[in-house]
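Notes follow the structure.
The values are calculated or read from the model by the stated rules, or taken from the named source; none is laboratory data. Computed from a predicted structure; not experimentally measured. Backbone-built Cβ (ideal geometry, glycine too); neighbour counts: all protein chains shown. Protein only, heavy atoms only, side chains kept; ligands, DNA and RNA dropped before computing areas. Shrake-Rupley method; radii C 1.70, N 1.55, O 1.52, S 1.80 Å.
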Amino acid sequence: VRDEESGYNKNLFCIPKHYEEDLERVFIPHGLILDRTERLARDIMQDMGSHHVVALCVLKGGYKFFADLLDHIKALNQNGDKSVLITVDFVRIKSYC
């Protein structure tokens, strides 16, 4: 998202009441994030071929994205021509600094 991007009016979305006063605009709609997540899953499947993948989730902030990405990879494994073996693990980081 570019700095000059104006985003979308928050009235176009269902915003939880406890965020209404804190939120001014929506920069990236959830549907667009899901679409890009699915594309990333397809790229991973294509690039990894039949290699074993170790998926590591940084807990707390990354869990939802991680779960969505694995759901897309799982669907591609079940419905695609090839499948990728995936091992899942989690790490908790005390500080990002």
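Quantify, in whole percent, the carbon and sulfur part of the accessible surface of the chain (1.4 Å probe; protein heavy atoms only). If you can, show how the numbers build up before the last one.
On the way: 4310 of 8050 Å².
Carbon and sulfur together cover 54 percent of it.
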Rounded to 0.05, the calculated FRET efficiency for the beta carbons of Val88 and Leu34 at R₀ = 22 Å is 0.65
Sparse-neighbourhood loop hits (trypsin sites (Lys or Arg not before Pro), the stretch 1-75; DSSP loop; Cβ within 10 Å at most 15 others) -> Arg2, Lys60
About its Cα centre, the chain carries a charge dipole, from +1 on Lys and Arg Cβ atoms and -1 on Asp and Glu Cβ atoms, whose size in debye to the nearest 20 is 340
Output for the stretch 10-78: GluC sites (Glu not before Pro) sitting in coil per DSSP, at most 14 other Cβ within 10 Å, listed by number, reads Glu21, Glu24
In the chain, lysine pairs 8 or more places apart or on different chains with C-alpha atoms under 19 Å apart total 4
Highest GNM mean-square fluctuation among Leu23, Leu59, Leu34, for the chain with Cα springs under 10 Å, belongs to Leu23
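Summing -39500 (n - 2.57) over the DSSP H runs of n ≥ 4 in the chain and dividing by its residue number, what mean residue ellipticity at 222 nm do you reach, to the nearest 500 deg cm²/dmol? Could you put the intermediate results ahead of the total?
Numbers: 3 runs with 40 residues, N = 97.
About -13000 deg cm²/dmol.
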With the 1.4 Å probe rolled over protein heavy atoms, the chain has an accessible area per residue in Å² of 83
With Rh as the Kirkwood radius over Cα pairs, the stretch 30-92 has Rg/Rh of 0.96
Rounded to the nearest 5, the percent of DSSP beta bridges in the chain running antiparallel is 25
